[in-house]
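Chemist: First, the structure itself, so that you have it in front of you.
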Amino acid sequence: MWSENEMAALTICLSDDPILRKKAKPVREFGPLLKRLTEDMAETMHRAPGIGLAAPQVGDSRRVIVADIGEGVIPLVNPKILAQEGSAWDTEGCLSFPNLYGEVERAEKVTVKAQDESGKWKRIEAEGLLARVFQHEIDHLDGILFIDKAVNLREILPEQIEAAQQEAARSL
Ligand code: CO
């Protein structure tokens with residue numbers, strides 16, 4: 001039985017879905033419904049499995065992302081990169097392009113400001129993988145996809161998708 005408090009996995013929009021190219025709108029209403037969205041997004045990300053997810057990927061064109069690199073879920077509302085430093089290349093995938101992988105250059109460190117589900121502003125400094133996830137997801141909010149930036153973009157076979165996701169843990 002479905003209960004109101006239970007989290008629900010949402011459907012992930014794939015490749016040529018036009019919502020992935022739309023610029024997402026700022027969130028202006030905070031509270032329980034927004035919290036419900038971030039919880040459902042976290043559930044969807046974990047089940048996929050992935051380490052980041054942006055709201056447009058689940059059909060909601062608002063500026064909301066979630067990330068979890070194994071240290072707990074970080075929901076960010078209206079995130080903005082204030083500063084960035086250094087650069088690093090690494091392999092990325094995307095839950096909206098489950099059969100594609102490629103190398104993407106990102107800043108090594110970022111300072112992000114964002115609101116929580118109740119509207120309170122916070123500032124987060126991230127480096128390495130978490131900084132990469134934030135940059136990939138914030139790009140999603142502007143309709144920018146990793147395939148726009150990746151080099152050596154390659155398609156893997158359907159039967160290799162699960163193994164690639166487990167191994168690389170780079171599906172964002
Ligand atoms: Co993605």
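The values are calculated or read from the model by the stated rules, or taken from the named source; none is laboratory data. Values in this document were obtained by computation on a predicted structure and should not be read as measured data. FYI the Cβ positions are ideal-geometry reconstructions off the backbone, even for glycines, and counts take in every protein chain you see.
Chemist: Among the residues of segment 24-46, is there at least one that is of a type in the set (Gly, Ala, Ser), more than 22 Å from residue 157 (Cα to Cα) and touching a Ser or Thr at 6+ places or on another chain (Cβ under 9 Å)? Spell out how you get there, then give the answer.
Modeler: Taking segment 24-46 first, the residues of a type in the set (Gly, Ala, Ser) are 24, 31, 42.
Keeping just the survivors that are more than 22 Å from residue 157 (Cα to Cα) gives 24, 31, 42.
Imposing the further condition that a residue be touching a Ser or Thr at 6+ places or on another chain (Cβ under 9 Å) reduces the set to 24, 31.
Yes - at least one qualifying residue is present in segment 24-46.
Chemist: Residue 130 fails exactly one of the following numbered conditions: (1) surrounded by fewer than 20 Cβ atoms within 10 Å (Cβ to Cβ); (2) at pLDDT 95 or above; (3) under 24 Å from residue 58 (Cα atoms). What is the number of that condition?
Modeler: Of the numbered conditions (1) surrounded by fewer than 20 Cβ atoms within 10 Å (Cβ to Cβ); (2) at pLDDT 95 or above; (3) under 24 Å from residue 58 (Cα atoms), the odd one out for residue 130 is (1).
Chemist: What about residue 164, is it modelled with pLDDT under 95, touching a Gly at 6+ places or on another chain (Cβ under 9 Å), of a type in the set (Gly, Ala, Ser) and over 17 Å from residue 14 (Cβ atoms)? Lay out the reasoning, then the answer.
Modeler: Details: modelled with pLDDT under 95: yes; touching a Gly at 6+ places or on another chain (Cβ under 9 Å): yes; of a type in the set (Gly, Ala, Ser): yes; over 17 Å from residue 14 (Cβ atoms): no.
Spelling it out, it is not the case that residue 164 is modelled with pLDDT under 95, touching a Gly at 6+ places or on another chain (Cβ under 9 Å), of a type in the set (Gly, Ala, Ser) and over 17 Å from residue 14 (Cβ atoms).
Chemist: Tell me, yes or no, whether segment 35-57 has at least one residue that is free of Cβ contacts under 8 Å to residues at least 12 places away in the same chain and either surrounded by fewer than 22 Cβ atoms within 10 Å (Cβ to Cβ) or of a type in the set (D, E, K, R) (or both). Outline the logic, then answer.
Modeler: Initially, segment 35-57 is screened for residues free of Cβ contacts under 8 Å to residues at least 12 places away in the same chain, giving 36.
Now narrow it down to the ones that are either surrounded by fewer than 22 Cβ atoms within 10 Å (Cβ to Cβ) or of a type in the set (D, E, K, R) (or both): 36.
Checked against the condition, which is being free of Cβ contacts under 8 Å to residues at least 12 places away in the same chain and either surrounded by fewer than 22 Cβ atoms within 10 Å (Cβ to Cβ) or of a type in the set (D, E, K, R) (or both), segment 35-57 yields at least one hit.
Chemist: Additional query: Give segment 112-123 a look and list any residue that's in a strand (DSSP E or B) and crowded, with 16+ Cβ neighbours inside 10 Å, or say none.
Modeler: Residues of segment 112-123 that are in a strand (DSSP E or B), as a first pass: 112-115, 121-123.
Scanning segment 112-123 gives 112, 114, 115.
Chemist: Need the failing condition index for residue 60 against (1) without any contact (Cβ under 8 Å) to a residue 60 or more places away in the chain; (2) within 16 Å of the ligand (Cβ to nearest atom); (3) of a type outside the set (Ser, Thr, Tyr); (4) closer than 26 Å to residue 152 by Cα, just the number.
Modeler: (4)
Chemist: Give 96, 118 a once-over and let me know the one that is within 12 Å of the ligand (Cβ to nearest atom) and touching a residue at least 40 places away in the same chain (Cβ under 8 Å).
Modeler: So the residue among 96, 118 that is within 12 Å of the ligand (Cβ to nearest atom) and touching a residue at least 40 places away in the same chain (Cβ under 8 Å) is 96.
Chemist: Say we look at segment 133-161 and pick out the residues that are at pLDDT below 95 and part of a helix (DSSP H, G or I); which of these is surrounded by the most Cβ atoms within 10 Å (Cβ to Cβ)?
Modeler: 161
Chemist: One residue is enough: does segment 31-49 have a residue meeting the conditions in a helix (DSSP H, G or I), within 12 Å of the ligand (Cβ to nearest atom) and modelled with pLDDT of 95 or more? Break it down into steps so the answer makes sense when it comes.
Modeler: Within segment 31-49, the subset in a helix (DSSP H, G or I) is 32-47.
This time we only want the ones that are within 12 Å of the ligand (Cβ to nearest atom), so: 45.
Still in the list and also modelled with pLDDT of 95 or more: 45.
Yes, segment 31-49 has at least one match.
Chemist: Would you mind stating whether residue 126 is in contact with a strand residue (DSSP E or B) (Cβ under 6 Å, 6 or more places away or on another chain), under 18 Å from residue 71 (Cα atoms) and in a helix (DSSP H, G or I)? Break it down stepwise before answering.
Modeler: Numbers: in contact with a strand residue (DSSP E or B) (Cβ under 6 Å, 6 or more places away or on another chain): yes; under 18 Å from residue 71 (Cα atoms): yes; in a helix (DSSP H, G or I): no.
Considered against the rule, which asks whether it is in contact with a strand residue (DSSP E or B) (Cβ under 6 Å, 6 or more places away or on another chain), under 18 Å from residue 71 (Cα atoms) and in a helix (DSSP H, G or I), residue 126 comes out as no.
Chemist: Name the pairs: first residue in segment 128-154 and on the phi > 0 side of the Ramachandran plot, second residue within 11 Å of the ligand (Cβ to nearest atom), Cβ to Cβ under 9 Å, at least 6 apart or on different chains?
Modeler: Filtered contacts from segment 128-154: 143/20; 143/56.
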